[in-house]
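Input: a single structure, listed below in structure tokens.
The values are calculated or read from the model by the stated rules, or taken from the named source; none is laboratory data. As the structure is a computational prediction, the values presented were derived from the model and not from experiment. Using ideal geometry, Cβ is built from the backbone for each residue, glycine included, and neighbour counts are taken over all protein chains shown. Keep in mind that these areas ignore ligands, DNA and RNA; they rest on the heavy atoms of the full protein, side chains included. Shrake-Rupley method; radii C 1.70, N 1.55, O 1.52, S 1.80 Å.
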Amino acid sequence: MQWTRKIHKWASVIVGIQLLLWLGSGLYFNLMDHHKAGGHTYRAHGHSEIEIDTSALVEPKQVLESAAPSVELKQITLLDQPYYLVSHKRGLYAYFENQYSLFDAYTGDKVRIDGAFATRLAKRSYNGPGEVGQVRLLQPPIEDFPKQKNASWRVDFNDDIETSVYIEAGSGRVVGHSDAHKRFAGIFFMLHFMDYGNKGNFNSIQIILFAFVTLWLTLTGFIWTLDLIKRGQYKVKLFSSHREIKLFDHQQQLLDHVDISTATNLLDGLSEHNIALPSSCGGGGTCGRCKVLINPAPQVTSADKQHFSQPELEQGFRLACQHFSDDVQDMTLFDITDAQKMTLTLLSSEFVTPEIKELRFKLPAQGLQYKAGAFMRFLIPGGVVKAKPDRLPEQYQAHWQEVEEGTFEAQACSRNYSLASVSELTDELVFTVKYQRAPEQGVPAGSGSSYMCNLKVGDTIDAVGPFEEFYVEPSINAPIIVVGAGSGMAPLHSIIQDLLLNRHYQQPIHFYFGARSQGDLLYRSEFERLSQQFANFHFTGVLSQPSANWQGRKGYAQQSMFQDITDELLLSAHFYLCGPQAMMDDTITALHKRGVSDQRIHIDSFNYA
């Protein structure tokens, strides 16, 4: 099933990209000027027919006797003069491969269409202001007319749209006109028909491969859906029931009896009884941390296979997030945390960048202590969520303008969000949540972030935590280098605040944070103020898509970090990373190549919306 998911993921990416290309090119086809797109801007049409004295013409029989074996002879007119066109090889269409001989109909002499003749033919077909420029004989394939299989003269005209007239070298036929308008339209035809090999048609290997990719997407999606149904992941609460389960600790001492709904996975079901198992993937089955021993052993899922050996699976080791209480008699719990379930009340919700909101929640009466860098698991109820946030600030409305209003039905889920606050400094919990926009029309936005970012002041939500897995150990007394990007700011903001304001950390702290534009540099003014207040703290904002007036670093955060870091610092520092997976993978790989051990690399990844 792991490979099925990977195939499904990448097939969906390919299909999604091509769908966007179809939408864009289809829109262009509806808006374009068809006359210009056909290359007809300066094309002359409707030449008058001339009368020919047929009595003066050479007999066709005489021409055929002097010509090579042929299949057809017909009389044509070029530049008001009659000619016999003899076909030695005749294709179904004019642009198919043909072999011709051309004869003067008055003298019977064989005629060759050279550059001068082709130029006169091109000028007859042209009514623009340009003068003749370069004249070239081209062999197929011809870029402007990929279907044309016969050698043709290209006659260029020096006009405002770079017109070229193509004359077939064998017959004198005007193949067509091409200009800047037609070539621009050709890009969209290429994208729309997937004609990436420039064959001039949609019956290409790319279309065939795309059909197979789409078929794979359908099949893997069907297989994945069947697997989820088989594992009981699609549960209807209306028909659910509760099952009593015995809980044991790792020494097989009875802990409790709990009732868990058959419509809730074991991870979330336990949290409803204030029993928190560690999980950093939000219940997706990727982190493998919510380990339990289930009796009787349920069916093995693909996620279980990734994290347990065969002997462990036979014993009944499973991931709590992947199983439900059906047919479970008892469970052995191993890594029970001190986390607790609580109901949080929203105090404020404000956009701090075009896509990131700062959410402040009121703590329960008893307060909460946690290490800087901790996260909470929010229990997102199922229901209708919005594709576009409410109450957008005026300065961010343009950023969301292309996203259409709409709602979609989301299943209940849990999502992890890191704390941006420090427990010793505030009685509130602060989170920075990126509103995960829909990747394309018709695809739902992130269900967790959509729900969180549309909460109203006074609304409540259940959360479990804190989970303390990413923090600076008190024993560390070495330079610290922090690298982050996007909504990965939250735990880094908390850690830096704690180090500077609570622990009065004396070692150098270097913070590199990456964003697209200046408006995406979250908490920029605060970090610049801290860098002025504390001599050991250095903040560097790095932009990948900066405006023209940006005077700071450009590129990516990890690139700037490696430009600055000295060998001495590299060998002594501890590194704290949080951001998009690609950024962290790139940084970790580069650190390993430079001899930095895993013991000095600390990461906090986030993968769910």
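How many percent of the accessible area of the stretch 511-556 is carbon or sulfur, using a 1.4 Å probe? The partial results should precede the final answer.
Details: 1080 of 2440 Å².
On the stretch 511-556, the fraction of accessible area on carbon and sulfur atoms equals 44 percent.
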Using each residue's phi in the stretch 69-74, evaluate 6.51 cos²θ - 1.76 cosθ + 1.60 at θ = phi - 60° and report the 3J(HN,Hα) Karplus result to the nearest Hz, with x for Gly and Pro. x, 9, 10, 7, 9, 9
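How far, in nm, would the chain grow between residue 109 and residue 211 when pulled straight, counting 0.36 nm per residue and subtracting the alpha carbon separation? Don't jump to the answer; show the numbers that get you there.
On the way: separation 102, 0.36 × 102 = 36.72 nm, distance 5.36 nm.
My answer for the length gained is 31.4 nm.
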Which value, in Å² and to the nearest 10, is the accessible area of residue 510 when all protein chains are kept and the probe is 1.4 Å? 40 Å²
Given H placed on each backbone N at 1.01 Å, which residues far from residue 153 in sequence or on other chains put an amide H within less than 5 Å of it? 138, 167, 168, 169
Estimated inter-spin distance, residue 36 and residue 386, nm [label 7 Å along Cα→Cβ]: 4.0 nm
Extension gain residue 549-residue 13, at 0.36 nm per residue separation less the Cα-Cα distance, in nm? 189.5 nm
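Between residue 97 and residue 362, what length comes free when the chain is fully extended (0.36 nm per residue of separation minus the Cα-Cα distance, one decimal in nm)?
Full extension of this stretch gives 87.6 nm more.
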Treating only Lys and Arg (+1) and Asp and Glu (-1) as charged, each at its beta carbon, one finds that the chain has a dipole about its Cα centre, in Debye to the nearest 20, of 740 debye
For a Förster distance of 35 Å, can you work out the FRET efficiency between the beta-carbons of residue 476 and residue 398, rounded to the nearest 0.05? 0.20
Point-to-point label distance, residue 340-residue 412, nm (Cα→Cβ direction, 7 Å offset): 2.3 nm
Per residue accessible area in Å² of the chain, where ligands, DNA and RNA are left out and the probe is 1.4 Å: 51 Å²
Can you grab the distance from the C-alpha centre of the stretch 173-206 to the C-alpha centre of the stretch 380-432, Å, no decimals? 44 Å
What is the set of long-range amide H partners of residue 78 at a cut-off below 5 Å, with H atoms built 1.01 Å from backbone N? 83
Strictly under 4.7 angstrom between C-beta atoms: which cysteines of the chain have no such partner? 290, 321, 413, 453, 578
Accessible area (Å², 1.4 Å probe, nearest 10) - residue 100: 40 Å²
Under a plain spin-label model, where a point goes 7 Å from the Cα along Cα-to-Cβ, how far apart in nm are residue 136 and residue 6? 4.5 nm
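Give me the percent of accessible area attributable to carbon and sulfur for the stretch 89-210, probe 1.4 angstrom.
Carbon and sulfur atoms account for 55 percent of the accessible area of the stretch 89-210.
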In the list (i) 30.2; (ii) 28.7; (iii) 26.4, the entry giving Kirkwood radius over Cα pairs in Å computed from the coordinates is (i)
Taking a cut-off of 18 Å between Cα atoms, list the aspartates and glutamates near residue 554, but don't count ones fewer than 8 places away on the same chain. 520, 528, 564, 586
